[in-house]
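J.: Take a look at this one; I'll ask things after.
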Amino acid sequence: MLRRLAMWIAPTAYTKLQALDVDRPLPTGLEDADDLRARIADLEQQLKEMRQDNRRVAELYDVIFERLRDDNPLSAR
């Protein structure tokens with residue numbers, strides 16, 4: 001009776017619960033936290049690299065525009 005009620009109320013969730021592997025050990029909170037910390041550290045490193053790349057590009061643009069401004073034969077000096 002309870003199974004039929006669960007199937008009628010939430011068929012998708014009930015089907016997923018039936019497919020759940022109960023023999024698989026559940027992850028502990030500590031393992032999840034360590035995994036999240038590692039992922040956050042990796043993302044922070046990627047963000048740092050992107051910021052460094054953006055800074056280099058901005059510096060190159062500054063050098064190029066300064067050079068074009070200084071070497072422009074059409075400028076009135």
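The values are calculated or read from the model by the stated rules, or taken from the named source; none is laboratory data. Worth saying up front: this structure is predicted, and the values here are computed from it rather than measured. Glycine also receives a Cβ, built like all others from the backbone with ideal geometry; neighbour counts cover every protein chain displayed. For the accessible areas, the whole protein counts, side chains as well, though only heavy atoms, and no ligand, DNA or RNA atoms are used. Shrake-Rupley method; radii C 1.70, N 1.55, O 1.52, S 1.80 Å.
J.: Calculate the dipole size of the stretch 32-77 relative to its Cα centre from +1 charges on Lys and Arg beta carbons and -1 charges on Asp and Glu beta carbons; express the result in debye to the nearest 20.
T.: Roughly 340 debye, rounded to the nearest 20.
J.: Here is a further query. Compute the distance in nm between two label points, each set 7 Å from the Cα along the Cα-to-Cβ direction, one at residue 64 and one at residue 37.
T.: Distance between the two pseudo-spin positions: 4.3 nm.
J.: Whenever you get a sec, line up 57, 63 from highest to lowest accessible area (probe 1.4 Å, protein heavy atoms).
T.: 63, 57
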